[in-house]
Amino acid sequence: MQREDHALTASPVSSGGGWDLNPETTLTRLLALNARTQGARVAMREKALGIWQEFTWAEVLDEVLAVAAGLEQMGFAPGDSLLVLGDNRARLYMGMLAVGALGGYAMPVYPDATPAEVLHFASEARARFALAEDQEQVDKVLELRETAPGLTHVVYDDPRGLNNYRVAGLVGWERLRDAGAARLRDQPALRDDIIQRSRPEGPAVFVHSSGTTGKPKGVVLQQRNVLAGVSNAAKGQVFGFDEKILAYLPMAWIGDFAVSMAAGVALRFTINIPERSETVLRNLREIAPTLYLAAPRSWDNMLTTIRVRMEDSTPLKKRIFDHFIDRGIAAERLKLEGKAPSAAQRVMLRLGEWIVFGPVKDQLGLSRMRVALTGGEAMGEDTFLFYRALGINLRQLYGQTESSAFNSVQAADAVRLHTVGRPLPGVDCRIADDGEILLRSGSIFNGYFQNEEATRKTLVDGWLHTGDAGYVEPDGHLVVLGRVSEVVHTARGERYIPGYIENRIKFSPYVRDVAVLGAGRDHLCAMVCIDSEAVGHWAEVRGIPYISYADLSQKREVYDLVAGVIRHVNGALPEALRIRRFVNLHKEFDADDGEITRTRKLRRNVIDEHYAAVIQALYSDTRSVRMKAQITYDTGETGVIERELALEDL
């Protein structure tokens, strides 16, 4: 038996479900196993110029090995790093697999990352190679060469606009692949050598923490880490073999690599890649995946789309839609309370599936969905119940970059609004004396890249200190409250976590972001960023004119709308922790301005600095404040936006 036969063993677990996966292998060997046993099956689909292009497992393996051979010929060696810049593309994924086969670090970067951020990543890993999607990303890399001269080799996927570039070290994907394929033909033993070269302890991907309190920290996940995460999730029946997915999440986010690459290769998913980020919803309907992972904001946006369409529908259709949705939500509330719907309700739900639920799911591309997951932050109750009312078994996932994305997930038959389910098989969980969640699993990394101090604080006696506060309920369900570092006290000694309150305010589709203030203060205040699409449509339906985001945010009607949202949240908070005053900001928090991370987590120290005048005004008797804010355009240039902001008492 060849060595690759030992890559993956699959058998029913004695406990009655899931799979027994052996993580002591590599993605390269799994890819080779798929090519040998399922070579003619479609592994990847990528939409280009309106047409779905298909790649079988055999073709993907050939491409990966040829590119690996080509990179090695260019001088790529074990321990080298490859920056990956761009949106989701099949070749970018295959380039990452090729680098892993050579024992190198594939480092995906957010496509909208600023040159300064890319420079930080390139300098951190001393990257000599980059793989860029198109001309825009190539230009970004070439600009870095002045400050990062070690970045000598740039490979590009899309050649449009690059034909006249005469730059040393710049090479197209086809040329690199063809050179590697020639090496493989000339050296017959090289093919198997590359397949067997990577090791379970070797790097699979080089990603970064969110960087809410400073620069993102480098996280190198080993092959065995990411495969252990897949194994844990598969045993927990999160997903199984042969799922169909849409690979649209940012490639720099661990959730994408864990699902699209690690699980995708290990469990032979069909990996579908949208044409552009703007066409995700359209491509979602075309693919109708069986597995879909999205952040709460993405689910909210989809719900907003549904609501907008129904607002534009006929009065009769709208009444029918509301009638069945209301009854579906009522049935789901009963289920969450441990009660069963009545016979009449079950008949109504079956009728609703035929008239409303089924057609809506078909329009969205959710008709074949077997696994629907949300993670990253808490989801609003209304959104959660809406999708479950449609018949979509939406579940909450809890994961982290340092643990290969999979910590716990709600079981299909044990969904609760306030928990993230039980820890997955293979994941040990306990709560420290200070309330911090600690984890232990084979999926957890070995430490931050070249940062021993941070590693010592995070990994203690084999346990990962997650930095999240929470508790475990008597039946084993885990509840995540927020970041331990964000536990603060008011001037009166009241303890609270701003993120906990913020998430509940963001349950409203009308609020995109919010920063809750109050540390060391007598009471709490909030700075709100409205959701331009949801509030804009709300205003249009009511005939409220506006000319810009800043103008819309300051409308009296919009202040009343947001006040209603905050009052609803206040009703569930202790008297001492209710928000007493708020302001609608004239711009959204922006990652380019350093106010949020690329995953939309608040950088509170930056926000406190940028909006110091607003914060001071909120805690004074003034009724408004004139605010100047610096903004960063897509070109990297900066400008100033100025506006008089109203301050609202509650």
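Exactly one residue out of LEU349, LEU366 is under 29 Å from ASN88 (Cα atoms) and either assigned to a helix (DSSP H, G or I) or within 27 Å of the chain's Cα centre (by Cα) (or both), and it is LEU366. Just a yes or no: is a residue in the range 308-326 in a loop (DSSP other than H, G, I, E, B) and within 30 Å of ARG224 (Cβ to Cβ)? Checked the range 308-326: no residue is in a loop (DSSP other than H, G, I, E, B) and within 30 Å of ARG224 (Cβ to Cβ). The set of residues from the range 29-74 being within 29 Å of the chain's Cα centre (by Cα) and part of a loop (DSSP other than H, G, I, E, B) comprises ARG41, LEU49, GLY50. Give me the residue from the range 573-589 that is aliphatic (A, V, I, L, M) and assigned to a loop (DSSP other than H, G, I, E, B) and, out of that set, farthest from VAL606 (Cα to Cα). So, considering only residues that are aliphatic (A, V, I, L, M) and assigned to a loop (DSSP other than H, G, I, E, B), the one farthest from VAL606 (Cα to Cα) is LEU573.
When the range 96-107 is limited to residues that are in a loop (DSSP other than H, G, I, E, B) and among the small types (Gly, Ala, Ser), the one that is farthest from GLY202 (Cα to Cα) turns out to be GLY104.
Restricted to helices (runs of 4 or more DSSP H) entirely inside the range 108-224, those with at least 2 residues that are farther than 21 Å from GLY86 by Cα, assigned by TED's automatic domain parsing to the domain that holds ALA35 and touching a residue at least 24 places away in the same chain (Cβ under 8 Å) are 173-186, 190-197. Being of a type outside the set (Ser, Thr, Tyr) and over 24 Å from the mean Cα position of the chain (by Cα) is a property that LEU92 lacks. Give me the residue from the range 503-523 that is under 26 Å from the mean Cα position of the chain (by Cα) and free of Cβ contacts under 8 Å to residues at least 60 places away in the same chain and, out of that set, surrounded by the fewest Cβ atoms within 10 Å (Cβ to Cβ). Applying the filter and picking the extreme gives TYR510. State all residues of the range 592-641 that are part of a strand (DSSP E or B) and either modelled with pLDDT of 80 or more or basic (Lys, Arg) (or both); if no residue qualifies, say none. Within the range 592-641, ILE596, LEU602, SER624, VAL625, ARG626, MET627, LYS628 meet the criteria. Within 19 Å of the chain's Cα centre (by Cα), buried (at least 23 other Cβ atoms within 10 Å of the Cβ) and over 25 Å from ASP158 (Cα atoms), is that true of LEU221? Against the criterion (within 19 Å of the chain's Cα centre (by Cα), buried (at least 23 other Cβ atoms within 10 Å of the Cβ) and over 25 Å from ASP158 (Cα atoms)), LEU221 qualifies.
Taking every residue in the range 287-298 that is under 20 Å from GLN363 (Cβ atoms) and pairing it with any residue that is of a type in the set (Gly, Ala, Ser) and outside any strand (DSSP E or B), at least 6 positions away or on another chain, the pairs with Cβ-Cβ distances below 7 Å are ILE287/GLY365; ALA288/GLY365; ALA288/SER367.
I'd like the full set of residues that are more than 26 Å from ARG346 (Cβ to Cβ) and part of a loop (DSSP other than H, G, I, E, B), limited to the range 388-402. Selection gives GLY399, GLN400.
The values are calculated or read from the model by the stated rules, or taken from the named source; none is laboratory data. Here the structure is a predicted model, which means the values were calculated and not measured. We place every Cβ from the backbone using ideal geometry, glycine too, and count neighbours over all the protein chains shown.
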